[in-house]
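Below: one structure, written as structure tokens.
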Amino acid sequence: MLNKNSPLLYGYGIRLRPVTVDDADFILELRNMPHVKGKMGSLNITLEQEKTWLSRNINDPCDYFFIIESSSFVKLGTIGAYDIDFNALSADAGRFVAIPGSFSALSACILLQDFCFYTLALVKLNICVVASNTQVLSFNRKLGYQVISKNQQKRKPVSSIADMVYLELTKTRWLEVRQDLIAIAKTVALTSTT
């Protein structure tokens, strides 16, 4: 099995490196940005709680959590694949949060999806998005994800009910859209300053 501390993914003007406990401050800062609040996980956690969670994550062989960095090592965001099922060859993709204006979204998603499909040899990625988050739904459809179901789900930590959309991306579908997305990412990388 792949050493979780070894994957360092480069391309399209960015790199993905494995998260460390030292990234806890940055991750909490990201999660508390106005464009993120209410869209992912508990926001009422302490730095120590985040460090404890990261320590468990780092040792979980079914969870790859990355820091997105510019080519000059400026932290731009996070992304990951988790709940990896090596028997079913599937995983949940997500934990994507980026600093507004960083232009890292497409590049980070391409690197993560290539890592999952080619390095980990998975055949399917799943995501779950709040139905009202139309921007994220649209972006993921452009990545090749297809809606497989919709329903209401109790959301943590606020215990509210939200309409959720479940999407999946198969390796076959990824191969259909990959080259066009890479062409766009290369253009963005050439024109972006981050």
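The values are calculated or read from the model by the stated rules, or taken from the named source; none is laboratory data. Keep in mind the model is a prediction, meaning the values are calculated, not measured. As a convention, Cβ positions derive from the backbone with ideal geometry for all residues, glycine included, and neighbour counts pool all protein chains shown. Areas reflect the complete protein model, heavy atoms only, side chains present, ligands, DNA and RNA absent. Shrake-Rupley method; radii C 1.70, N 1.55, O 1.52, S 1.80 Å.
Name every residue in region 13-40 that is out of contact with any Leu (no Cβ under 6 Å at 6 or more places or on another chain), modelled with pLDDT of 80 or more and open to solvent by 40 Å² or more (accessible area, probe 1.4 Å), in order of residue number.
Across region 13-40, the qualifying residues are THR20, ASP22, ASP25, GLU29.
How many residues does region 101-140 hold that are open to solvent by 20 Å² or more (accessible area, probe 1.4 Å) and in contact with a helix residue (DSSP H, G or I) (Cβ under 6 Å, 6 or more places away or on another chain)?
Residues flagged as open to solvent by 20 Å² or more (accessible area, probe 1.4 Å) and in contact with a helix residue (DSSP H, G or I) (Cβ under 6 Å, 6 or more places away or on another chain) within region 101-140 amount to 3.
Report the residue count in region 57-88 for those that are in a strand (DSSP E or B) and either of a type in the set (A, V, I, L, M) or open to solvent by less than 70 Å² (accessible area, probe 1.4 Å) (or both).
We begin by selecting, within region 57-88, every residue in a strand (DSSP E or B); these are 64-70, 75-85.
Among the residues that remain, those that are also either of a type in the set (A, V, I, L, M) or open to solvent by less than 70 Å² (accessible area, probe 1.4 Å) (or both) are: 64-70, 75-82, 84-85.
Number satisfying all stated conditions: 17.
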